[in-house]
Structures are given as structure tokens and as C-alpha cells.
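Presented below is the structure to which this report refers.
The values are calculated or read from the model by the stated rules, or taken from the named source; none is laboratory data. Values in this document were obtained by computation on a predicted structure and should not be read as measured data. Ideal geometry is used to build each Cβ from the backbone, glycine not excepted, and the neighbour counts take in all protein chains shown. Ligands, DNA and RNA are excluded from the accessible area calculation, which covers all protein heavy atoms including side chains. Shrake-Rupley method; radii C 1.70, N 1.55, O 1.52, S 1.80 Å.
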Amino acid sequence: MYTIKLNVASDNTKGRISLASDGALIAKEITVSNTGGLTTFKTIEIKNIPLKAGKQSIKVLADTGYFNFNYLQFIRQM
């Protein structure tokens with residue numbers, strides 16, 4: 001299991017993000033909170049994400065916009 005951290009900025013709470021691994025949804029419609037502005041980035045965490053070993057394609061899907069996205073980080077849970 002993994003925790004995925006996404007660095008996002010938003011001036012509202014309309015944004016929604018989903019994550020897919022090799023075409024299958026692994027996290028659905030995560031709310032992007034108001035961070036105080038479109039240039040004020042904060043990290044949100046999505047915990048208990050199952051990822052298989054080896055190479056795979058990860059997609060960040062903007063279900064609903066109204067936010068900026070900077071990076072994502074994968075942290076293996078022990």
C-alpha cells in the first residue's frame with residue numbers, strides 16, 4: 001500500500017482529482033480544498049492506495065478543474 005501526496009493550489013473547493021493505474025481507477029473524486037489562492041500550494045494525501053510491483057502508467061485525472069497541480073509523490077507504507 002502507498003500514500004500518494006499531491007501538491008495543489010486552489011481558491012475554491014470545486015476541484016476533484018481521480019488517479020488511475022494502467023487504466024484502472026485507484027482513487028476517485030478526491031476534493032481539492034481551498035488553499036488560499038491559485039499560487040498557494042498545499043499537499044493533500046491519499047492513503048492506502050494499492051500499487052503493484054514493477055512499471056506501470058499512473059494518470060492524474062482532473063474530474064473537475066478550478067485548481068493548479070504541481071507534483072505527486074509516492075510513499076510506501078510500512
*Go through the range 2-24 and give me each residue that's more than 12 Å from the chain's Cα centre (by Cα) and open to solvent by 20 Å² or more (accessible area, probe 1.4 Å).*
Tyr2, Asp11, Asn12, Thr13, Lys14, Asp22, Gly23, Ala24
_Subset of the range 63-78 [under 16 Å from Ile26 (Cβ atoms) and of a type outside the set (D, E, K, R)]_ = Leu72, Gln73, Phe74, Ile75, Gln77
*Of all residues in the range 28-55, which are open to solvent by 10 Å² or more (accessible area, probe 1.4 Å) and either under 14 Å from Leu72 (Cβ atoms) or in contact (Cβ under 8 Å) with a residue 40 or more places away in the chain (or both)?*
Ile30, Phe41, Lys42, Thr43, Ile44, Glu45, Ile46, Lys47, Asn48, Pro50, Leu51
*So how many residues does the range 50-73 have that are modelled with pLDDT of 95 or more, in contact with a Phe, Trp or Tyr (Cβ under 7 Å, 6 or more places away or on another chain) and either over 27 Å from Asp11 (Cβ atoms) or assigned to a loop (DSSP other than H, G, I, E, B) (or both)?*
0
*Considering only the range 31-48, state which residues are in contact with an Asp or Glu (Cβ under 9 Å, 6 or more places away or on another chain) and part of a strand (DSSP E or B).*
Gly37, Leu38, Thr40
